[in-house]
Amino acid sequence: MTKPRIGLLGTGPWAGRTHAPALAAHPGIAFSGVWGRRPEAAAALAAAHGTRAYDDVDALLAASDAVAFALPPDVQAPLAARAAAAGCHLLLDKPVATSVAAAREVAEAAGKAGVASVVFCTLRFAADTAPWIEEQAALGGWYLAQAHWLGALFPPGPAGASAGVSTGASASAYAASPWRREKGGLWDVGPHVLSVLLPVLGDVTGVSASVTGAGDTRHLVLGHASGAGSTVTLSLSAPAKAANAGIALFGDHGRAVMPSWADAVGSFGAAVDGLLGAVRSGRAHPCDVRFGLRVTEILAEAEAEAEAEAQAEAQAEARLAD
C-alpha cells in the first residue's frame with residue numbers, strides 16, 4: 001500500500017529542528033512537501049530533507065493526505081480549517097489558536113470533513129512523560145497538583161530587572177517569535193501544563209485566580225472535575241538561572257513527580273504515529289483538536305480573569321489616589 005503522504009506548513013526554527021527531521025525519518029509516511037510564507041525558506045528546508053517545496057498551499061494540500069503545522073497559532077487556525085475542508089488530516093501545534101472562536105472553527109471544520117487530528121503537546125508524546133501521565137491518570141486519588149514552567153526567552157534586562165520587566169531576549173531562536181512575546185508563557189507553555197493536568201485531574205471546572213506577576217508571569221489556581229485543585233505558574237521572562245519546568249502530584253499514593261524529557265524529534269514522530277492510528281482506527285485521539293479547543297477555552301478564561309483582576313486593582317489605586 002502507498003504510504004500516507006504528510007506535508008508540512010511552516011519553515012521556522014520549530015519546523016527545521018523538529019517537524020521536518022521527524023517527517024523525513026518516519027518509516028511509515030511519505031514526506032510530501034513544504035510550504036511556507038517565505039518561499040526561499042520553504043525551498044531550503046525541502047532541499048535539506050529530500051522533498052519538494054510548494055509556493056501554493058492548496059497545491060500541497062492536494063498532494064497530501066495529512067498536513068503538519070509549525071506556524072504561529074493565529075496563522076495556523078485558518079489554514080487548518082482550510083486543510084480539513086480539503087480532506088487532509090491534521091497534525092496541529094499548540095495552541096490551536098489564541099481565540100476560542102478560531103479554535104472552534106478548526107474543530108468544526110475537522111468534524112464536518114471527518115478528518116482525524118492530533119495536537120502536538122510534547123509531554124503527551126515524549127517517551128519519558130507520556131507513560132507517566134497515563135499511569136497517574138489510571139491511579140487516580142490525586143487532590144493537588146503544583147506545576148511551574150519558567151522559560152527564559154525574554155529574561156529581565158539590567159534596566160528592568162528590579163521592576164521585573166522583561167526588556168531583553170535570550171539567544172534562543174524562539175525569542176524572535178512575535179506571538180510568543182505578545183501572548184507570553186500563558187499561551188506558549190500553558191498548553192503543555194494543561195495537557196498533563198486534564199487527563200490526570202479531570203477537566204478544569206473553574207479558574208478561581210489568575211494573577212499577573214513579573215514580566216509575563218501568570219499564577220493560576222484551577223479547580224478540576226475530580227475535586228482536585230492545581231496551582232500553576234507560567235512564564236517566558238524568568239532569569240536564565242531560574243529556568244525550570246516541573247509538575248508534582250499529591251494524593252492517596254503520596255507524591256509523584258513528572259520525569260524530565262528530551263528528544264523533540266522522537267516525540268513528534270510519536271505524534272505522527274498517534275495521527276496514523278486515529279486515521280486507521282476511526283477513533284479520536286485523546287489529544288485531538290477538540291482537546292485543543294478545550295485548552296484554548298481554559299487559557300482564554302485565565303487571560304480574561306487576569307485582565308479583570310488587573311482592572312480592579314487599577315480602579316482601587318485610582319480611588320486611593322483621589
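Coordinate-derived values only; no laboratory data. Note that the coordinates shown come from a computational prediction; the quantities given were computed from them, not determined experimentally. Methodologically, a virtual Cβ is constructed for each residue, glycine included, from the backbone with ideal geometry; neighbour enumeration extends over all protein chains shown.
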For this session: Under 19 Å Cα to Cα from Lys183, which aspartates and glutamates show up? Leave out anything in the same chain fewer than 8 places away.
Result: Asp74, Asp93, Asp216, Glu297, Glu301, Glu303, Glu305, Glu307, Glu309
Problem set entry | Crossing angle, helix 289-321 versus the chain [Cα axis fit, 0-90 degrees, rounded to tens] | 30 degrees
Exercise. Angle, helix 39-48 long axis vs. longest principal axis of the chain, Cα atoms, 0 to 90°, nearest 10?
Worked result: 70 degrees
Exercise. If you take every DSSP beta bridge whose two residues both sit in the chain, what share of them, in percent to the nearest 5, is antiparallel?
Worked result: 50 percent
Problem set entry | P(r) of region 1-126 over all Cα-Cα pairs, binned every 10 Å from zero, in whole percent | 15, 48, 33, 4
Seminar exercise, completed: Fewest-first ordering of Phe125, Phe268 by Cβ atoms within 10 Å yields Phe125, Phe268
Problem set entry | Taking Ser226, Ser208, Ser267, Ser235 and counting other C-beta atoms within 10 Å, the order from fewest to most | Ser208, Ser226, Ser267, Ser235
Seminar exercise, completed: The Kirkwood hydrodynamic radius of the chain, taken as the inverse of the mean 1/r over all distinct Cα pairs, in Å, comes to 20.4 Å
Seminar exercise, completed: the chain: relative contact order from alpha carbon pairs under 8 Å, six or more residues apart, as a whole percent, is 20 percent
Problem set entry | In Å, descending, principal axis extents of the Cα set of region 198-318 | 60, 34, 32
Exercise. In deg cm²/dmol, rounded to 500, what helix-only [θ] at 222 nm does the chain give when every DSSP H run of at least 4 residues adds -39500 (n - 2.57) and the total is split over its residues?
Worked result: -13000 deg cm²/dmol
Exercise. If R0 is 22 Å, what FRET efficiency do you get for Thr2 and Asp55 from their C-beta distance, rounded to 0.05?
Worked result: 0.30
Exercise. Which angle from 0 to 90°, rounded to the nearest 10, does the C-alpha axis of helix 264-281 make with the longest principal axis of the chain?
Worked result: 60 degrees
For this session: Please report the orientation-averaged projected area of region 205-248, defined via the convex hull of its C-alpha atoms, in nm².
Result: 3.5 nm²
Problem set entry | Kirkwood Rh, Cα atoms: Rg over Rh of region 130-258 | 1.02
